[in-house]
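Peer 1: I'd like to ask you about the structure that follows.
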Amino acid sequence: MNKERTAVFLQRVPLFHDLNVEEIARVEEITISRNLAKKSTIFTEGSEKEAVFFIQDGLVKTFKTDENGHEQIVSFLKSGDMFPHTGFFNQNPYPATAEAIVETQLLAIPVRLFEHLMMSMPAIAVKMMRVMGDKIRELQEDLQVLSGQDVKHRALSFLLKLADQHGEMVDNKMMINLPMTNQEIANSVGTTRETINRLLNQLGKEEILEVDRNRIVIIDLDALKQQRGYK
(Lines give C-alpha, C1' and ligand atoms only; values in the text may rest on other atoms or scores of the structure.)
Protein backbone atom coordinates (compact mmCIF):
# COMPACT_ATOMS: atom_id res chain seq x y z
CA MET A 1 0.00 0.00 0.00
CA ASN A 2 1.50 3.36 -1.02
CA LYS A 3 1.72 6.30 1.35
CA GLU A 4 -1.30 8.11 -0.07
CA ARG A 5 -3.53 5.03 0.19
CA THR A 6 -2.25 4.33 3.70
CA ALA A 7 -3.09 7.87 4.81
CA VAL A 8 -6.59 7.62 3.30
CA PHE A 9 -7.18 4.29 5.04
CA LEU A 10 -5.95 5.58 8.41
CA GLN A 11 -8.27 8.58 8.16
CA ARG A 12 -11.22 6.17 7.85
CA VAL A 13 -10.25 4.22 10.97
CA PRO A 14 -12.57 5.33 13.82
CA LEU A 15 -9.63 5.70 16.22
CA PHE A 16 -8.08 8.35 13.96
CA HIS A 17 -11.25 10.15 12.83
CA ASP A 18 -10.45 13.34 14.75
CA LEU A 19 -6.82 13.63 13.61
CA ASN A 20 -5.96 16.40 11.15
CA VAL A 21 -3.95 15.97 7.94
CA GLU A 22 -0.60 16.66 9.61
CA GLU A 23 -1.30 14.21 12.44
CA ILE A 24 -2.40 11.47 10.03
CA ALA A 25 0.78 12.02 8.02
CA ARG A 26 2.90 11.54 11.13
CA VAL A 27 1.06 8.30 11.97
CA GLU A 28 1.51 7.09 8.39
CA GLU A 29 5.29 7.56 8.66
CA ILE A 30 5.56 4.82 11.31
CA THR A 31 2.99 2.45 9.78
CA ILE A 32 4.11 -0.90 8.33
CA SER A 33 2.18 -3.00 5.78
CA ARG A 34 1.93 -6.76 6.29
CA ASN A 35 0.40 -9.46 4.09
CA LEU A 36 -0.58 -12.73 5.77
CA ALA A 37 -1.64 -16.08 4.38
CA LYS A 38 -4.80 -17.85 5.56
CA LYS A 39 -4.41 -19.40 9.05
CA SER A 40 -1.34 -17.27 9.85
CA THR A 41 -0.86 -16.37 13.51
CA ILE A 42 -0.47 -12.62 13.96
CA PHE A 43 0.41 -12.74 17.65
CA THR A 44 -0.12 -15.11 20.57
CA GLU A 45 -1.81 -14.61 23.91
CA GLY A 46 0.64 -13.47 26.59
CA SER A 47 3.40 -12.35 24.22
CA GLU A 48 4.88 -8.86 24.42
CA LYS A 49 2.73 -6.25 22.71
CA GLU A 50 4.97 -4.93 19.95
CA ALA A 51 2.39 -3.39 17.62
CA VAL A 52 -1.27 -2.57 17.19
CA PHE A 53 -2.90 -3.77 13.96
CA PHE A 54 -5.54 -2.49 11.55
CA ILE A 55 -7.21 -4.69 8.93
CA GLN A 56 -6.93 -3.20 5.46
CA ASP A 57 -8.51 -6.25 3.82
CA GLY A 58 -9.40 -9.71 5.11
CA LEU A 59 -10.76 -11.33 8.28
CA VAL A 60 -9.17 -12.02 11.66
CA LYS A 61 -10.34 -13.93 14.72
CA THR A 62 -9.02 -13.40 18.23
CA PHE A 63 -9.33 -16.08 20.87
CA LYS A 64 -8.16 -17.09 24.31
CA THR A 65 -7.13 -20.63 25.28
CA ASP A 66 -8.10 -22.21 28.61
CA GLU A 67 -6.02 -24.66 30.65
CA ASN A 68 -7.55 -27.58 28.76
CA GLY A 69 -6.58 -26.13 25.38
CA HIS A 70 -10.12 -25.07 24.43
CA GLU A 71 -10.58 -21.89 22.42
CA GLN A 72 -12.83 -19.08 23.59
CA ILE A 73 -13.50 -16.75 20.67
CA VAL A 74 -13.14 -13.11 21.66
CA SER A 75 -14.01 -11.44 18.36
CA PHE A 76 -14.21 -11.64 14.60
CA LEU A 77 -12.70 -8.61 12.90
CA LYS A 78 -13.10 -7.17 9.42
CA SER A 79 -11.66 -4.41 7.23
CA GLY A 80 -11.21 -1.18 9.18
CA ASP A 81 -11.09 -2.86 12.59
CA MET A 82 -8.28 -2.36 15.09
CA PHE A 83 -6.86 -5.00 17.41
CA PRO A 84 -6.10 -5.60 20.18
CA HIS A 85 -8.77 -3.29 21.62
CA THR A 86 -6.45 -2.40 24.52
CA GLY A 87 -4.45 -0.55 21.90
CA PHE A 88 -1.63 1.81 22.67
CA PHE A 89 -2.53 2.85 26.20
CA ASN A 90 -1.08 0.11 28.40
CA GLN A 91 2.01 -2.06 28.60
CA ASN A 92 0.16 -5.35 29.07
CA PRO A 93 0.95 -8.36 26.85
CA TYR A 94 -1.41 -9.34 24.06
CA PRO A 95 -4.66 -10.43 25.79
CA ALA A 96 -5.53 -13.07 23.18
CA THR A 97 -4.20 -14.87 20.12
CA ALA A 98 -4.98 -13.39 16.69
CA GLU A 99 -5.21 -15.46 13.51
CA ALA A 100 -5.97 -14.55 9.91
CA ILE A 101 -9.10 -16.46 8.80
CA VAL A 102 -8.42 -15.72 5.13
CA GLU A 103 -5.57 -14.05 3.26
CA THR A 104 -5.32 -10.71 5.03
CA GLN A 105 -3.61 -7.36 4.57
CA LEU A 106 -2.74 -5.48 7.74
CA LEU A 107 -1.26 -2.19 8.78
CA ALA A 108 0.91 -2.43 11.90
CA ILE A 109 1.89 0.50 14.10
CA PRO A 110 4.77 -0.29 16.49
CA VAL A 111 3.80 0.62 20.06
CA ARG A 112 7.12 2.22 21.04
CA LEU A 113 7.27 4.40 17.93
CA PHE A 114 3.70 5.50 18.54
CA GLU A 115 4.48 6.36 22.15
CA HIS A 116 7.29 8.64 20.95
CA LEU A 117 4.88 10.23 18.47
CA MET A 118 2.28 10.91 21.19
CA MET A 119 4.96 12.51 23.38
CA SER A 120 5.93 14.85 20.56
CA MET A 121 2.29 15.52 19.56
CA PRO A 122 0.10 15.18 22.71
CA ALA A 123 -3.03 16.28 20.80
CA ILE A 124 -3.02 12.86 19.07
CA ALA A 125 -3.22 11.06 22.42
CA VAL A 126 -6.05 13.28 23.69
CA LYS A 127 -8.15 12.76 20.56
CA MET A 128 -7.60 9.00 20.55
CA MET A 129 -8.42 8.59 24.25
CA ARG A 130 -11.84 10.13 23.65
CA VAL A 131 -12.56 7.55 20.95
CA MET A 132 -11.25 4.70 23.11
CA GLY A 133 -13.58 5.75 25.93
CA ASP A 134 -16.56 5.29 23.61
CA LYS A 135 -15.24 1.87 22.51
CA ILE A 136 -14.83 0.71 26.12
CA ARG A 137 -18.43 1.68 26.89
CA GLU A 138 -19.61 -0.26 23.83
CA LEU A 139 -17.71 -3.38 24.89
CA GLN A 140 -19.04 -3.12 28.44
CA GLU A 141 -22.61 -2.90 27.15
CA ASP A 142 -22.08 -5.97 24.95
CA LEU A 143 -20.72 -7.90 27.94
CA GLN A 144 -23.64 -6.93 30.14
CA VAL A 145 -26.14 -8.04 27.50
CA LEU A 146 -24.46 -11.41 26.92
CA SER A 147 -23.88 -12.18 30.61
CA GLY A 148 -27.62 -11.92 31.34
CA GLN A 149 -28.74 -14.36 28.64
CA ASP A 150 -29.17 -18.11 28.40
CA VAL A 151 -27.24 -20.10 25.78
CA LYS A 152 -29.92 -19.90 23.06
CA HIS A 153 -30.26 -16.14 23.40
CA ARG A 154 -26.47 -15.68 23.46
CA ALA A 155 -26.20 -17.69 20.25
CA LEU A 156 -29.02 -15.79 18.53
CA SER A 157 -27.54 -12.47 19.67
CA PHE A 158 -24.17 -13.55 18.29
CA LEU A 159 -25.67 -14.48 14.91
CA LEU A 160 -27.50 -11.15 14.71
CA LYS A 161 -24.31 -9.29 15.59
CA LEU A 162 -22.46 -11.13 12.81
CA ALA A 163 -25.24 -10.12 10.44
CA ASP A 164 -24.94 -6.49 11.50
CA GLN A 165 -21.14 -6.37 11.27
CA HIS A 166 -20.37 -8.77 8.42
CA GLY A 167 -23.64 -9.43 6.59
CA GLU A 168 -24.74 -8.42 3.11
CA MET A 169 -28.34 -8.64 1.91
CA VAL A 170 -28.61 -10.59 -1.36
CA ASP A 171 -32.00 -11.59 -2.82
CA ASN A 172 -33.70 -10.95 0.54
CA LYS A 173 -31.23 -13.24 2.34
CA MET A 174 -28.52 -12.07 4.73
CA MET A 175 -25.17 -13.49 3.60
CA ILE A 176 -22.43 -13.65 6.25
CA ASN A 177 -19.27 -14.64 4.41
CA LEU A 178 -17.31 -16.01 7.36
CA PRO A 179 -15.81 -19.51 7.15
CA MET A 180 -16.88 -20.48 10.69
CA THR A 181 -17.23 -23.95 12.12
CA ASN A 182 -19.95 -24.88 14.60
CA GLN A 183 -17.19 -25.27 17.18
CA GLU A 184 -16.09 -21.68 16.62
CA ILE A 185 -19.67 -20.47 17.05
CA ALA A 186 -19.89 -22.49 20.26
CA ASN A 187 -16.59 -21.01 21.46
CA SER A 188 -17.91 -17.53 20.76
CA VAL A 189 -20.91 -17.90 23.06
CA GLY A 190 -19.46 -20.16 25.72
CA THR A 191 -21.25 -23.43 25.04
CA THR A 192 -20.67 -26.84 23.45
CA ARG A 193 -20.60 -27.76 19.78
CA GLU A 194 -23.47 -30.21 20.38
CA THR A 195 -25.69 -27.43 21.70
CA ILE A 196 -24.93 -25.25 18.67
CA ASN A 197 -25.50 -28.21 16.34
CA ARG A 198 -28.99 -28.70 17.78
CA LEU A 199 -29.83 -25.00 17.56
CA LEU A 200 -28.61 -24.62 13.97
CA ASN A 201 -30.37 -27.82 12.91
CA GLN A 202 -33.61 -26.50 14.39
CA LEU A 203 -33.21 -23.14 12.66
CA GLY A 204 -32.52 -25.00 9.44
CA LYS A 205 -35.69 -27.09 9.77
CA GLU A 206 -37.65 -23.88 10.32
CA GLU A 207 -36.03 -22.42 7.16
CA ILE A 208 -34.64 -19.49 9.11
CA LEU A 209 -30.93 -20.12 8.63
CA GLU A 210 -28.44 -22.40 6.92
CA VAL A 211 -24.70 -22.83 7.45
CA ASP A 212 -21.91 -24.27 5.33
CA ARG A 213 -18.12 -24.17 5.61
CA ASN A 214 -17.74 -20.76 3.99
CA ARG A 215 -20.73 -18.74 5.11
CA ILE A 216 -23.87 -18.37 7.17
CA VAL A 217 -27.09 -17.58 5.31
CA ILE A 218 -29.95 -16.04 7.28
CA ILE A 219 -32.96 -16.90 5.15
CA ASP A 220 -35.50 -15.08 7.31
CA LEU A 221 -33.91 -12.27 9.32
CA ASP A 222 -37.20 -11.15 10.85
CA ALA A 223 -37.93 -14.66 12.12
CA LEU A 224 -34.46 -14.85 13.69
CA LYS A 225 -35.03 -11.52 15.43
CA GLN A 226 -38.40 -12.73 16.70
CA GLN A 227 -36.78 -15.84 18.18
CA ARG A 228 -34.29 -13.57 19.89
CA GLY A 229 -37.14 -11.43 21.20
CA TYR A 230 -36.60 -8.30 19.11
CA LYS A 231 -39.63 -6.39 17.91
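Peer 1: Hey, can you grab everything whose amide H is under 5 Å from the amide H of D57? Only 5+ residues off in sequence or another chain; H modelled, so Pro and N-termini drop out.
Peer 2: Distant-sequence amide H within range of D57: Q105.
Peer 1: If you look at just the Cα atoms of the chain, how large are its Rg and its Dmax in Å?
Peer 2: Rg, Dmax (Cα atoms, Å): 19.0, 60.
Peer 1: Under 5 Å between amide H atoms, partner at least 5 residues away or on a different chain: which partners does I42 have, H built in plane at 1.01 Å?
Peer 2: A98, E99, A100
Peer 1: What FRET efficiency comes out for the pair S40/F89, r = Cβ-Cβ distance, R0 = 35 Å, nearest 0.05?
Peer 2: On the way: r = 26 Å, r/R0 = 0.76.
FRET efficiency, S40 to F89: 0.85.
Peer 1: Return the sequence-ordered ³J(HN,Hα) values of the range 218-227 in whole Hz as given by the Karplus equation 6.51 cos²θ - 1.76 cosθ + 1.60 applied to θ = phi - 60°, using x for Gly and Pro.
Peer 2: 8, 6, 10, 5, 4, 5, 5, 5, 5, 4
Peer 1: Rolling a 1.4 Å sphere over the protein heavy atoms, what is the accessible area per residue of the chain, to the nearest Å²?
Peer 2: Using a 1.4 Å probe on heavy atoms only, each residue of the chain averages 56 Å².
Peer 1: Between Q226 and N177, take the C-beta separation as r, use R0 = 30 Å, and let me know the FRET efficiency to the nearest 0.05. All intermediate terms of the calculation are to be shown ahead of the outcome.
Peer 2: Values: r = 24 Å, r/R0 = 0.81.
So, using R0 = 30 Å, E works out to roughly 0.80.
Peer 1: While we're here: Carbon and sulfur atoms: what percent of the 1.4 Å accessible area of the chain do they account for? Before the final figure, lay out each step's value.
Peer 2: Values: 6280 of 12940 Å².
Of all accessible area on the chain, carbon and sulfur atoms account for 49 percent.
Peer 1: At what distance in nm do the modelled label points of H116 and N201 sit from each other, each positioned 7 Å from its Cα along Cα→Cβ?
Peer 2: Going from the H116 label point to the N201 one covers 5.9 nm.
The values are calculated or read from the model by the stated rules, or taken from the named source; none is laboratory data. What you are looking at is a predicted structure, and each value in this text was computed from that prediction instead of being measured. Here the Cβ is made from the backbone with ideal geometry for all residues, glycine too, and neighbour counts use every protein chain on show. Just the protein is used for accessible areas: all its heavy atoms, side chains included, with ligands, DNA and RNA removed. Shrake-Rupley method; radii C 1.70, N 1.55, O 1.52, S 1.80 Å.
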